[in-house]
Amino acid sequence: MNRNIFTLIIALIILPLASAFAQENADSVSNDGNRRKWLNDVKDYKYQMLEREAQMTPEQAEMFFPLYQEMENKVFMVNLEARQREMQVSDNFDDATDEDFKQAAQALSDVKVLEAEIEKEYYPQFAKILSNKQLFLLKRAETHFASDLLRHYNRSRELNSQ
């Protein structure tokens, strides 16, 4: 279950930037606009939820969220690089060497460690803005957000399958 939540969070981080690289044709421009709007709405909801649940003042939020976005962008890039390595091997699966598979698998395994290192890099900066209680509430809010999003996704799948 935690892996599903983690994957969903990563998808929320990756999709906005990945959509910017999408091929632009008449159909995808319309769909891309809808996707971007939805993703921006989700991001806005997430930030509002984090601000509310971590009990941030407007001043704290103004200082905190640019750093948080910077952290999310670094995490995105780590994931993007690993996924690109994975896709290179997948696209050339029959011709890939054992070393290619090893490097791709290692890149995918290193993602969690690199994400944790990035988070640890930003934690002291967050601690200068938020109290210890607020940092705790922030982590809890991130988990609640992921759970809420997963619950909403499952509900919409159930409604669409009826």
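The values are calculated or read from the model by the stated rules, or taken from the named source; none is laboratory data. Remember, it's a predicted structure, so these values are computed and weren't measured experimentally. When we count neighbours, we look across all protein chains shown, and the Cβ atoms used for this are built from the backbone with ideal geometry, even at glycine. Only protein heavy atoms, including side chains, enter the accessible area calculation; ligands, DNA and RNA are left aside. Shrake-Rupley method; radii C 1.70, N 1.55, O 1.52, S 1.80 Å.
How many residues does the stretch 101-144 hold that are open to solvent by 30 Å² or more (accessible area, probe 1.4 Å) and not in a helix (DSSP H, G or I)?
Number satisfying all stated conditions: 2.
Is it true that ARG151 is open to solvent by 40 Å² or more (accessible area, probe 1.4 Å) and farther than 25 Å from GLU51 by Cβ? Working first, answer last.
On the way: open to solvent by 40 Å² or more (accessible area, probe 1.4 Å): yes; farther than 25 Å from GLU51 by Cβ: no.
So ARG151 fails the test.
Kindly indicate whether any position in the stretch 8-23 is more than 16 Å from the chain's Cα centre (by Cα) and either modelled with pLDDT of 50 or more or assigned to a helix (DSSP H, G or I) (or both).
No, the stretch 8-23 contains no residue that is more than 16 Å from the chain's Cα centre (by Cα) and either modelled with pLDDT of 50 or more or assigned to a helix (DSSP H, G or I) (or both).
Could you say which residue among VAL113, VAL29 is at pLDDT 95 or above and either among the β-branched types (Val, Ile, Thr) or in contact with a His (Cβ under 8 Å, 6 or more places away or on another chain) (or both)?
Just one listed residue meets the conditions, VAL113.
Search the stretch 47-64 for residues being open to solvent by less than 20 Å² (accessible area, probe 1.4 Å) and in a helix (DSSP H, G or I), and hand back the single one that is farthest from PHE126 (Cα to Cα).
Here the answer is MET49.
Being open to solvent by less than 80 Å² (accessible area, probe 1.4 Å) and either in contact with a Phe, Trp or Tyr (Cβ under 8 Å, 6 or more places away or on another chain) or among the polar types (S, T, N, Q) (or both) is the filter here; which residues of the stretch 74-100 pass it?
Answer for the stretch 74-100, where residues must be open to solvent by less than 80 Å² (accessible area, probe 1.4 Å) and either in contact with a Phe, Trp or Tyr (Cβ under 8 Å, 6 or more places away or on another chain) or among the polar types (S, T, N, Q) (or both): ASN79, VAL89, SER90, THR97.
Return the pairs, sorted by first residue and then second, in which the second residue is modelled with pLDDT under 95 and of a type in the set (Phe, Trp, Tyr), the first residue lies in the stretch 97-114 and is on the phi < 0 side of the Ramachandran plot, the beta carbons are less than 9 Å apart, and the residues are 6+ apart or on different chains.
LYS112/PHE6
Being free of Cβ contacts under 8 Å to residues at least 40 places away in the same chain and of a type outside the set (D, E, K, R): is that true of ALA146 here? Walk me through how you get there before you give the answer.
On the way: free of Cβ contacts under 8 Å to residues at least 40 places away in the same chain: no; of a type outside the set (D, E, K, R): yes.
Considered against the rule, which asks whether it is free of Cβ contacts under 8 Å to residues at least 40 places away in the same chain and of a type outside the set (D, E, K, R), ALA146 comes out as no.
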